[in-house]
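One structure is given below, encoded as structure tokens.
Read the figures in this text as sums done on the coordinates, not as results from a lab. Because the structure is predicted, anything quoted here is derived from the model rather than measured. In this analysis, Cβ positions are derived from the backbone assuming ideal geometry, glycine residues included, and neighbour counts consider all displayed protein chains.
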Amino acid sequence: MHEIEIDLSDSKQPKEIQGIIESTCKAQNLNLVSKNTLQKYPGCIHWHYQKLKTTGTLEITYWPAQNRCWIPLKSGRAKEWVVEIAKQLKVEIERQLIQV
């Protein structure tokens, strides 16, 4: 497994970052499957997205306490579309964070 790190150096308020992540995924026609937290990263927000008529799951984790956001690419879930969309999301989310 490896991760695509999203640069939050020009960080905004956690609610703004969360909104940018969700709206960017929606613009890519991704379907939200779950939104939870992970015990390993207390207070984080962890999303699972899927794409219609495909297999695989895109995961995104935002951990406000550490000002960190990443897209894990796990074997078995990191289908070709997941890797491609993850790269696009990184660019678009970072672009939007600068603009806000």
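With both residues required to sit in the stretch 39-98, DSSP beta bridges show an antiparallel share near 100%. When both bridge partners sit in the chain, DSSP labels roughly 100% of those beta bridges antiparallel. Taking amide hydrogens as placed 1.01 Å from N in the peptide plane, the amide H of residue 68 sits under 5 Å from those of 63, each at least 5 positions away in sequence or on another chain. Ordering 99, 70, 9 by Cα displacement along the dipole of the chain toward the positive end leaves 70 in first place; charges were set at the Cβ atoms of Lys, Arg (+1) and Asp, Glu (-1).
The overall shape of the stretch 13-100, judged from the alpha-carbon gyration tensor, is oblate: a/c is not under 1.5, and a/b is no greater than b/c.
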